[in-house]
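The values are calculated or read from the model by the stated rules, or taken from the named source; none is laboratory data. Keep in mind that what you see is a predicted model, and the values were worked out from it rather than measured. All Cβ positions, even for glycine, are placed from backbone atoms using ideal geometry, and neighbour counts span all protein chains on display. Heavy atoms of the whole protein, side chains included, go into the accessibility calculation; ligands, DNA and RNA do not. Shrake-Rupley method; radii C 1.70, N 1.55, O 1.52, S 1.80 Å.
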Amino acid sequence: MERRKKGSYKAKQQKKIAQSIRTISREIPLTNTDRITYVYVKDKTMDVIQKVINVSYEAWIERGWLTILRYDSTHGYLHQHTRFSLTQEKEFISKEHILQTGSHPEWLTFAIADIKTNFSSYRRAFFHRSNLDEIEEL
């Protein structure tokens, strides 16, 4: 009778679990110069979103996409990071007015809906802080 190598069953189980978990990334165009990019982790076997990695509002500025605002659930709750300006990469981090209870799928839906509804306000505020008020599209 042949003996199994120590830990081979555990390695097979870990590989099986890793194959059932996927990181999914998608984009939602809002305008020619605005988009939402979101990334989440999903368990394929249970068809459940396990973690919201990032939901970001990005604007096309100076020949490239720049993240102006993003949501993540890194610390176990949904929170928002807002970039200060074009020249200052400093971020404001906030939990105010953000869905705190609920599940990861609810957080993903909330973050996408918030950006869809408010992206023009986020854009105006960012452009104002960057002293780009008069310029609509760069």
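Ala111 satisfies every condition listed in (1) open to solvent by less than 20 Å² (accessible area, probe 1.4 Å); (2) over 26 Å from Thr23 (Cβ atoms) except (2). Criterion first (within 12 Å of the chain's Cα centre (by Cα), without any contact (Cβ under 8 Å) to a residue 12 or more places away in the chain and in a helix (DSSP H, G or I)) does Thr117 satisfy it? No; evaluated as a whole, the condition is false for this residue. Looking for something of a type in the set (Asp, Glu), in contact (Cβ under 8 Å) with a residue 60 or more places away in the chain, over 30 Å from Ile21 (Cβ atoms) and open to solvent by 70 Å² or more (accessible area, probe 1.4 Å) - is there at least one such residue anywhere in the range 121-133? No.
Evaluated against (1) touching a helix residue (DSSP H, G or I) at 6+ places or on another chain (Cβ under 7 Å); (2) within 27 Å of Ile21 (Cα to Cα), Asp72 falls short on exactly one condition, (1). Within the option set Asp72, Asp47, being within 20 Å of Ser25 (Cβ to Cβ) and within 13 Å of the chain's Cα centre (by Cα) holds for one residue only, Asp72.
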